[in-house]
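The values are calculated or read from the model by the stated rules, or taken from the named source; none is laboratory data. Keep in mind that this is a model prediction, so the values were computed, not measured. Virtual Cβ from ideal backbone geometry, glycine too; neighbours counted across all protein chains shown. Surface areas here come from the heavy atoms of the whole protein model, side chains and all, with no ligands, DNA or RNA. Shrake-Rupley method; radii C 1.70, N 1.55, O 1.52, S 1.80 Å.
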Amino acid sequence: MDTQRFKPLTPETMTPEQKEVADRIMAGPRKGMRGPFSALLRSPELADAAQKLGEYVRFKSSIPPRLNELAILLTARHWTAQYEWYAHRRLAMQAGVSPDIADAIAEGKRPAALGPEETIVYNFCHELLETGQVSDAGYKAVVDKFGVTWQIVPRILLELLADQDRVKAGRVMQAMLQMDKLHIGKLKQAYER
């Protein structure tokens, strides 16, 4: 196919809703309308939802940018997402991912020289992408190192906090408020004592 399916939109050809979303994207951390946004803007509501999710996952992650970019490279390689790989390989290098690591991922191989944090992220992503799930050991390694972001609320936490025994629920709340990282095991201990 030698023609673009979605011709780039210009400010002159955008609807007011498209322009509003485009302005938000341009003002955000991306500072540009690259990637899927030309197509997504055909549905401004979808474009806005997608850009907000993408911004949150990429720029407000609970892990350092180097490890976030490592996860993005693994995902791009797994799904053969060429644009994502092209865009994020450079960003991964800027964030501190070794070119040798990126090259191994590009070849579908496990990188030889992973540091401890990179190993945790690699193992988690590889397991999730290859099997569609993560073992308890893989999950524990991530939680022990990085915690659970407060935007993801495990069901057990809600159950502990909603318990009819307000004293037990209160102990769980007090324990949680003293944590830097969310540790379900410690919350269960507070509940049980």
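Structure notes:
- Failed criterion for Arg5 (all others in (1) under 23 Å from Gly147 (Cβ atoms); (2) surrounded by fewer than 12 Cβ atoms within 10 Å (Cβ to Cβ); (3) of a type in the set (Lys, Arg) hold): (1)
- Pair list, Cβ < 9 Å and 6+ apart or interchain, from region 5-31 residues that are closer than 21 Å to Leu53 by Cβ to residues that are open to solvent by 60 Å² or more (accessible area, probe 1.4 Å) and of a type in the set (Phe, Trp, Tyr): Gly28/Phe59; Pro29/Phe59; Arg30/Phe59
- Scan of region 110-120 for residues that are open to solvent by 50 Å² or more (accessible area, probe 1.4 Å) and in contact with an Asp or Glu (Cβ under 9 Å, 6 or more places away or on another chain), ordered by number: Ala112, Ala113
- Scope region 79-100; condition touching a residue at least 12 places away in the same chain (Cβ under 8 Å) and open to solvent by less than 60 Å² (accessible area, probe 1.4 Å); matching residues: Trp85, Ala87, His88, Leu91, Ala92, Ala95, Gly96, Val97, Ser98
- Tyr56 of a type in the set (Phe, Trp, Tyr), surrounded by fewer than 20 Cβ atoms within 10 Å (Cβ to Cβ) and modelled with pLDDT under 90: yes
- Just one of (1) surrounded by fewer than 16 Cβ atoms within 10 Å (Cβ to Cβ); (2) touching a residue at least 24 places away in the same chain (Cβ under 8 Å) fails for Thr75. It is (1).
- Checked against (1) open to solvent by 30 Å² or more (accessible area, probe 1.4 Å); (2) touching a His at 6+ places or on another chain (Cβ under 9 Å), Phe146 meets all criteria but (2).
- Check on Glu107, open to solvent by less than 60 Å² (accessible area, probe 1.4 Å) and charged (D, E, K, R): no
- Region 24-34 - residue that is within 19 Å of the chain's Cα centre (by Cα) and crowded, with 16+ Cβ neighbours inside 10 Å and, of those, farthest from Leu9 (Cα to Cα): Arg30
- Scanning region 41-53 for residues that are out of contact with any Phe, Trp or Tyr (no Cβ under 9 Å at 6 or more places or on another chain) and either surrounded by fewer than 13 Cβ atoms within 10 Å (Cβ to Cβ) or under 16 Å from Met14 (Cα atoms) (or both) yields Ser43, Pro44, Glu45, Leu46, Asp48, Leu53.
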